[in-house]
Structures are given as C-alpha cells and as structure tokens.
Amino acid sequence: MDTPIPTAAELTGDPAVVARAEALRPVVEAASNDIEDGRRLPPALLDKLHEAKLFRLLLPRTSNGFETDPVTFFHVIETISRGDASTAWCLSQAGGCAMSAAYLDVPVAQEIFGNDPRAVLAWGPGPKARAVAVDGGYKVTGVWAFASGGRHATWLGAHCPIYQADGAPRLGPDGRQLERTMLVPAREVKWTDIWNVVGLRGTASDQFALTDHFVPGDHTITRDFSQPVKERRESGPLYRMSAMTCYEVGFAGVALGIARSALDSFVNTARTKIPRGARSPIRDSAVVQTNLAQAEVAIRAARAFLLQEVAAIWREICDGAALTVDHRITIRMVSTNAIHKAREAVDFAYNAAGATAIFESHPLERRFRDIHTVTQQLQGRLSHFETVGAWMLGADADLTWV
C-alpha cells in the first residue's frame, strides 16, 4: 500500500473550486437552524448552491459539470460541513450520483443533467424492489429509502434486481442475478416522510415508491461500484475511479468538517465556562488541555493521511493506471479512519463541555447528533477495518463495499 508523497498542490486541489465553497460557508451556517427545523435545504440556500454549481462537482464536462478531482471534492465537502453537515452530506451524495452521467448515452445524460442547470440525482437502497424486462425497457415496482437530498432532486435512481417476463431472475455469465438502477423523474414517484432521526435531519432522506412504472432501457445503469468499463462513455480519469471511492472521500469530508467545527466551538466554550463548583474556566484543566491536544492531533493526522493517500492514488490514475483493489482498500481504510477519529474528537468536545452541550442552542449538541448519524451509515461501519485487515493478511476479504 506504499504510495509516493504528493506535492503541496496535489494536496490542496483546485483553489478556484474550493473558493466557491469557502464563500458559501457563512451562508450555509446562517441557514443551519432553518435546515434543522424544516428538515430540508431551504429554497434560498439551494439557489446559492446551484449558482456556485456545487451539485456538479463530479459531473462530466460534457454534461456541463466541473469533472473535478477527488481531492478538490473532499475540500469542498469538508468546508461546507463546517457550516452545516446536512448540506455537505447532500452535496456529497449528489456528487457520487452525478458520476452516472459517464455511463449514459449522450442524449440521455443531456436530458437528465445537461439541459437543466439545477439537475440533481438522488438514490437509496430498496431491498424489496424488482424490475421486469419488457419491450424497450423495464416495469419497475418497489420502495426505496435513505434517498438523501431526494426532496430537492429532479431525478431519482431506483436500484432493482432484474427479472424475465416469466418471473425468472435474469442471470449474468457468472450465474448471479443482474441488477440495474432505473432513472426516473422525481415528479413520477410517491413520497413518504420517514426522516425523523437523530442527526443529519436536513438531508430529508425519505422513502419513495413506484408501482409497475415503465423505465426505458437507456435510462438505466449498472451501479456495480467498480463500474464496468464496457458501459463507461467518458474517458477522463475521474471516471476510472469508482463512485464508491468518491462517496468514501466525500463522507469522510463531512465527518472531518463536523469535528473541526466541534473543536473550534469547544475552545470558545472552554475559555469562558466555569463549571459548577469550580473556581476557574474549563480551559485551566490539565486533563482538558491534554485531551484537546490529542483530539486535535488525531483529526489532523487522519485528514493528512486521507489526503496523502487519495492524492497519490489520483496521480496514478491520471498517469493512466486502472483503479486496483489495493487502491480501493486504501481509500476505504483512510476514509473509515477519518470518520471515526472525527467521532472521537466530537465525543471529547461534547463530554468536556458538560451540560452546556446538551442544549439545542449550543453548536455541540447538533454536531454530536450529526457525527453519530454519520457513523451509523454504510461509510462509517467499523467492519470496514476487518475487510482491510483481511486483505492485508491475504485472508478471504469481503470486497462488497470496497
């Protein structure tokens, strides 16, 4: 897993794109209470995000996207997360979904993404879904949930196992049932509000349904996270990365942005708060001082580790290399590590701040809830470390989520 040390420029990404996020961070932060209360990204904020084209970071240039690199993507998501984690999560999810344009025929990609400057694709899992092959496409029935950003999306992805008209599973050459993601206009689905949750409330990750809905064959993609070369239309290096690796990088950015904001908030609190029964502020505690320094080291180290490895892998991909399992294992390792180091830092800040942090009026209350929602998602599973360790040892490794 050894990789060359990246240059400073490779670690910082595209400064012009990152500057767009920096300019919007105060706006995002100012909207955070409305996001939390409404459990949606407000229309005025969506206008600003679309004006800055932050939903188009990983969209191909041929579809009027930025087609930026994973390092720049990380910096943008981390920056926005410092203002509001739900907004950053929606942008990260939309970025990965937008990569699907690289696997669609040009007219279809143009229909979904190119013609509408406010186009957003969202999707989520649907274990009880099915798509039956018919002339020209599929008849789709099912329910899908965790569709982050779906309430402001223009298109939705419905992932389905494929069945023949007689009800038999359609199998691939390896004997496994084929699956595809059906792309449908958001106006054609039925929504159910299920997103009453601990954190990331503003993502509106609700449930949608379709019943016997026809989807043309050219409005479907294979969403195997390794993205088969045979369906890839775009030749740029970004699309030799899998969507999964970009999700990993982006959601690690969400976590580290939460941690950065939490530690900054804690420092402000600790300088002035005198705990009940104490004579001096929290900042004078040797235990707090030591633990704060260790939390700071941990998130900086995790962030640097992630940036170093992702930048080095990106250099190899740009030089013509294919994305290998070793690359994917490394990105899974550094992203999961970043998420959990971020969670540990937030836990320290929340606990050390005392009862002050339990009030909704204090920033640590929301940061605590948000980071613990991040760790409950697929990207935060501790079992990813088992996969990494098994691969390193040459044991049987489950690569499903790598």
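Among rounded, prolate and oblate, which fits the range 54-188 when a ≥ b ≥ c are the square roots of the eigenvalues of its C-alpha gyration tensor, a/c under 1.5 means rounded, and a/b larger than b/c means prolate? Verdict is prolate for the range 54-188. In plain terms, the chain from Asn115 to Arg187 could stretch by 24.2 nm, reckoned as 0.36 nm per residue minus the Cα-Cα distance.
Which net charge results for the neighbourhood of Cys160, defined as the other residues with beta-carbon distances under 9 angstrom from its beta-carbon, given Lys and Arg at +1 and Asp and Glu at -1? Summing Lys/Arg as +1 and Asp/Glu as -1 gives +1. Carbon-plus-sulfur fraction of the accessible area of the chain, 1.4 Å probe, in percent? Answer for the chain is 53 percent, counting heavy atoms of protein chains only. Among Leu256, Leu200, Leu49, whose mean-square fluctuation peaks in a Gaussian network model of the chain (Cα, cutoff 10 Å)? Comparing Leu256, Leu200, Leu49 in a Gaussian network model of the chain, the most mobile one is Leu49.
Within straight-line reach of Lys139, meaning a Cα separation under 27 Å, sit the following lysines at least 8 residues removed in sequence or on another chain: Lys128, Lys190, Lys230. Here the range 3-161 carries DSSP beta bridges of which approximately 55% are antiparallel, counting only pairs with both residues inside.
Against the main long axis of the alpha-carbon atoms of the chain, helix 85-98 sits at an angle near 30°. Across the range 157-163, coupling constants 3J(HN,Hα) worked out from phi with the 6.51/-1.76/1.60 Karplus curve, θ = phi - 60°, read x, 10, 7, 9, x, 9, 10 Hz, and Gly and Pro carry x.
Qualifying chymotrypsin sites (Phe, Trp or Tyr not before Pro) in the range 339-402, where qualification requires a DSSP coil assignment and no more than 12 other C-beta atoms within 10 Å, comprise Phe359.
Tell me which label goes with the value of volume of the Cα convex hull per residue in Å³ computed from the coordinates here: [x] 145; [y] 192; [z] 133. Recomputing volume of the Cα convex hull per residue in Å³ here gives the entry labelled [x].
Angle of helix 363-374 to the longest C-alpha principal axis of the chain, folded into 0 to 90 degrees and rounded to 10: 40°.
Counting charges near Arg201 (Lys, Arg +1; Asp, Glu -1) among other residues having Cβ under 14 Å from its Cβ returns a value of -3. Site pair Asp218 and Thr154 shows an inter-label distance of 1.9 nm when each label is modelled 7 Å from Cα along Cα→Cβ. Amide H contacts of Leu59: Phe66, Glu67, Thr68, each under 5 Å away and 5 or more positions distant or on a separate chain (H built 1.01 Å from N in the peptide plane; Pro and chain starts excluded). Based on protein heavy atoms only, the chain ends up with 43 Å² per residue of surface accessible to a 1.4 Å probe.
The values are calculated or read from the model by the stated rules, or taken from the named source; none is laboratory data. These numbers were taken from a predicted model, which means no experiment stands behind them. Reconstructed Cβ throughout: ideal geometry from the backbone, glycine too, with neighbour counts over all protein chains shown. We work out accessible area using only protein heavy atoms, side chains counted, and drop any ligands, DNA or RNA first. Shrake-Rupley method; radii C 1.70, N 1.55, O 1.52, S 1.80 Å.
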